[in-house]
1. Compute the label zone of Asn123 within the stretch 248-292: residues whose backbone N is under 11 Å from the point 7 Å along Cα-to-Cβ.
2. Semi-axes of the stretch 41-84's equivalent ellipsoid from the Cα gyration tensor, sqrt of 5 times each eigenvalue, largest first, rounded to whole Å?
3. What is the stretch 49-158 by shape, rounded, prolate or oblate, if you read a ≥ b ≥ c off the alpha carbon gyration tensor as root eigenvalues and call it rounded for a/c under 1.5, prolate for a/b larger than b/c, and oblate otherwise?
4. What number does the stretch 99-139 give for Rg over Rh if you use C-alpha atoms and the Kirkwood radius?
5. Hey, what angle do you get for helix 18-30 against the long axis of the chain, alpha-carbon based, 0 to 90 degrees rounded to 10?
6. Compute the Rg to Rh ratio over the stretch 31-253 from the alpha carbon atoms, using the Kirkwood formula for Rh, and round to two decimal places.
7. Would you list Phe23, Phe69 from fewest to most Cβ contacts within 10 Å?
8. Taking the alpha-carbon distance from Lys339 and a cut-off under 20 Å, which aspartates and glutamates remain once sequence neighbours fewer than 8 residues away in the same chain are dropped?
Amino acid sequence: MGMKRIYCDISATTPLDPQISEFLIDLNKHIYGNPSSIHREGQAAKAVIEKSRRQLANALSSNPEEIIFTSSGSESNNMILKGVLNPGDHFITSSYEHPAILKVLPFLESKNISATIVNPDKNGLILPSDIEENINANTRLISIMWVNNELGTINPISEIGSIARKRNILFHSDAVQALGKIYINVAETPVDFLSMSAHKLYGPKGIGALYKRRGSKLEPLIHGGGQEQSLRASTENIGGIAGFGMAAELSTSKLEENTDHILRLESYFLNLLNEQNISYTINGTKRIPGVFNITFHGVNGQDLVLQLDFSGIGISFGSACTSGTVKASEMLLEMGITKEDALSTVRISFGKIHQLKDVKKVADSIGEILQNSVKELA
Ligand SMILES: Cc1ncc(COP(=O)(O)O)c(C=O)c1O
């Protein structure tokens, strides 16, 4: 492999926690029964699923029966939109949701479901007043992400949820970037549905979940067997589910410790940039720790990503779903950032896996690359 890589794209996905990896190697050897079977092998598998459901419920302060396992955050998002909305309904969401929300809109429209899309403000937040203004008599569902994936900004979910509840409108939040990063408590938050995904919190890929408040109605996306209260047919991904439960427990029990650590990395990183007199702007306020949507003025963001990659550091240009393009982020333009600045913006995300020395290497490498690009221009 050669040079040790420093992976700073925690918002795109995380490596599997070594503790979860160990646990799953053992589990996959011994647990193979079909959870729907009544024999011992089946019941052992069933017990693994139910344990994980309790772990996830504990992480959210929900009841275990309010947790439904799915294959991903994308599936959870699709399931809520397609399973709640009916022809004639109106739906409110934001322009900077994940494609697993936004790309559902044309499908909904073909079913005579209309949508209003609100933009983030200059700080990268969705204003509750913007939601409220767009409610009409047919509004059935509002969906606003808890934490934005490109910026790491934390939306006022309680306020938006209260508005929805007051008007008898269902409220969904894509919490894929929030779970394990900030405190979530559905007992205290007026939210009817949440989408979650294990791979953003050091769990396995290809396993997701949704929280569905007791009593709220939802149609399945995948019809078939009676698994997951007949809401999600198919023989369960036992290893994935087990890994998700463990990831949820680890991240919530260590939330404070991890947050403190990542905040230390953050301030160290910014100090190092300042010491080198690097000109930058961090976009978005009220951010989760460790996520920097950062503009390096006058620098081509795509070039910076490539040059850092060559130096052994992985960061991204925009979110993973839009990177690979050289277009300016629509979201940044909507926030009022100039096209030039948007093209000079990258996302660097640090997490619990990083140490101060990793952060130093990243800051030093950025400094070197910027100095060289200045020399080239001179
Ligand atoms: C905010 C948000 N929602 C949904 C998803 C999709 O999750 P998954 O990759 O599990 O489908 C992601 C990440 O990819 C995300 O960042």
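Bear in mind these aren't lab numbers, they're just calculated from the coordinates by the rules spelled out. Computed from a prediction, not measured in an experiment: that's the story for all the values here. Reconstructed Cβ throughout: ideal geometry from the backbone, glycine too, with neighbour counts over all protein chains shown.
1. Output list for this probe position: 284-287.
2. After scaling each eigenvalue by five and taking roots: 22, 14, 8 Å.
3. Taking the square roots of the gyration eigenvalues as a ≥ b ≥ c, the stretch 49-158 is oblate.
4. 1.02
5. Relative to the chain, helix 18-30 is tipped by roughly 30 degrees.
6. Looking at the stretch 31-253, the ratio lands at 0.97.
7. Phe23, Phe69
8. Asp121, Glu150, Asp303, Glu330
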